[in-house]
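Q: This is the structure I want to talk about, given as structure tokens.
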Amino acid sequence: MPPRTAARATRPAYRCSECGWETAKWVGRCGECQAWGSVAEAAAPVGRTAAAPVSAAAVPIGQVSVVEAGFRVSGVPELDRVLGGGLVPGAVILLAGEPGVGKSTLLLEVAAQTAKGKRRTLYVTGEESASQVRLRADRTNAIQDELYLAAETDLGAVLTHIEEVRPELIVVDSVQTIGAADTDGVPGGVTQVKEVAAALVRMAKTRNITTVLVGHVTKDGSIAGPRVLEHLVDVVLHFEGERDSRFRMVRAMKNRYGPIDEVGCFDLSADGIVAVTDPTGLFIETQHVSVPGTCVAVTLEGRRPMLAEVQGLVASATDRARRTTSGVDGSRLAMILAVLQRHARLDLHQHDVFVSTVGGAKLVDPASDLAVAVAITSAATGRPTPKGVVAMGEIGLAGELRRVRGLDERLSEAARLGFAVAVVPLAERGEHGAYARPKERTVDGMKVYEVHDLATAISLLRLTGSSTDR
């Protein structure tokens, strides 16, 4: 009788298709990544893999040609910015986003611009009929002779269309609606999505065809389907935007051909989607009247500086004090209020505080802390922030202002838009930073005041003298 260890070694193992976790028996939920329905029996080893013929001989890396892998502009400048220069032949791009955010509209525009450049394009739709896509193309002026359209949900049919059309760009909308007839499961399932994506990736690499896959997202915003989907593709893009706003952003989460700290900005309307090269105007009015409770922040989206207006409102609480935010993190606001009370003598525990951004902007950059604090202080004291002022700086729990990345780019953008004064953290604290006086310098004609702490910044802007603590 063989040892128990040997018997255990011959048992079939079960492996999670999401993270690769293995177990000796089947379970419904992965013990590592907690994914449901992702554990399946792994193929048993059959011995040493036999040698197979190679597709091409190995050569020194310096002799490999890069001509075929050069960037080709898509015709949509903001998308080219995110991709690092344009579309790469043979690259597979995954574009994910919430329903209705504008993924299909954007990719139809990319397909039309590519076809306009005399490069044949195939648009495969699995969610709409061909007539529905044609109506959208008429509305957005995307009719081109080299743009081919097919409505298919079968992988074999999609591959046949590729063989017949021989495009340079393929758009598949979406990968979750395409099914493989010889694979178990239903379209959109873990096994089906993995097989469909793998087949399209093989086609893209062997035929040197740029392929764009549209992906669905889950309730928490992550890409639906197996995690291996993101590993198979070369580029992962997220399309973001609020339903009640026309502003949209494409953000690179993975990019084998370029940076992942770039964002593209778009304006979505009934007539289609338009690239926005200067998005600041969507969030601020440079000629707005200075009123209490407002301040302009300079945030970085990727490597692009953008200005956003923060508004604050302070009112007497009737029962329990409320803190309500829109476009600003609620936990961050709670910290800023605590620092204001402790280090700026601004008592708001019996007042409702409302903080919002203008135009649907989302402030996740810690550098916007100072602008939020200034807006709240201005609303509480009833004193408007001086006209033409921008404020930026991360606030620490000790009330100090911490330096922010990309300060020179932020200041240059604010000066370009006509702002006259900027309040920023000290570039160098020195030995007695806590007692350092504000330093003044000039950047592109704009006065820049460097301060050490929050209380000094508020005093510099002459916002002290609150009436709420009397």
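Computed from the coordinates by the stated procedures, all read-outs in this text should not be read as laboratory data. Please read these numbers as outputs of a predicted model, since none were measured by experiment. Every residue, glycine as well, gets a Cβ built from its backbone with ideal geometry; the counts of neighbours run over all protein chains shown.
Q: Amide H neighbours of VAL390 under 5 Å, at least 5 residues apart or on other chains, H built in the peptide plane: list them.
A: VAL421, ALA422, VAL423
Q: Relative to the present Cα-Cα distance, how much length would full extension add between VAL165 and LYS219 at 0.36 nm per residue of separation?
A: Using 0.36 nm per residue and subtracting the Cα-Cα distance, I get 15.8 nm.
Q: Now for a different question. Which of the cysteines in the chain are isolated, no other cysteine C-beta under 4.7 Å?
A: CYS265, CYS295
Q: Ranking MET203, MET306 by Cβ neighbours within 10 Å, fewest first, what do you get?
A: MET203, MET306
Q: Let me ask something else. Would you list, by chain and number, the lysines whose Cα falls below 30 Å from the Cα of LYS103, excluding same-chain residues fewer than 8 positions away?
A: Answer for LYS103, where 30 Å is the Cα cut-off: LYS116, LYS118, LYS194, LYS205, LYS219, LYS254, LYS362, listed by chain and number.
Q: Calculate, for GLU41 and THR153, the FRET efficiency according to 1/(1 + (r/R0)^6) with r their C-beta to C-beta distance and R0 25 Å; round to the nearest 0.05.
A: 0.35
Q: Between the range 329-376 and the range 54-102, what is the separation of their alpha carbon centroids in Å?
A: Value for the Cα centre distance between the two parts: 42 Å.
Q: Within straight cross-link reach of LYS387, meaning Cα distance under 19 Å, which lysines are found once same-chain residues fewer than 8 apart are removed?
A: LYS387 reaches LYS447.
Q: How many angstrom lie between the Cα centre of the range 106-162 and the Cα centre of the range 222-262?
A: Cα centroid of the range 106-162 versus Cα centroid of the range 222-262: 21 Å apart.
Q: Moving on. Express the relative contact order of the range 289-437 as a whole percentage, based on alpha carbon pairs under 8 Å and six or more residues apart in sequence.
A: Once normalised by length, the contact order is 30 percent.
Q: Restricting to Cα pairs below 8 Å that are 6+ residues apart, what does the relative contact order work out to for the chain? Please round to a whole percent.
A: 11
Q: Continuing with the same structure: For the chain, give the share of DSSP beta bridges that are antiparallel, in percent and rounded to the nearest 5; count only bridges with both residues there.
A: Antiparallel bridges make up about 55 percent of those DSSP assigns within the chain.
Q: Karplus couplings for the range 446-454 from phi (6.51 cos²θ - 1.76 cosθ + 1.60, θ = phi - 60°), rounded to Hz, Gly and Pro as x?
A: Here the 3J(HN,Hα) series is 9, 6, 10, 9, 9, 10, 8, 9, 5 Hz.
Q: On to the next question. Per DSSP H run of n ≥ 4, the term is -39500 (n - 2.57); total these for the chain, divide by its residue number, and report the mean residue ellipticity at 222 nm rounded to 500 deg cm²/dmol.
A: After summing the helix terms and dividing by the residues of the chain, the value is -7500 deg cm²/dmol.
Q: Collect residues whose amide H, placed 1.01 Å from N in the peptide plane, falls under 5 Å from the amide H of LEU237; neighbours closer than 5 in sequence don't count.
A: Those qualifying (amide H under 5 Å, at least 5 residues apart or on another chain) are LEU94, LEU95, ALA96, MET253.
Q: Between SER459 and ARG207, how many nm apart are label points set 7 Å from Cα along the C-beta direction?
A: The answer from the label model is 7.0 nm.
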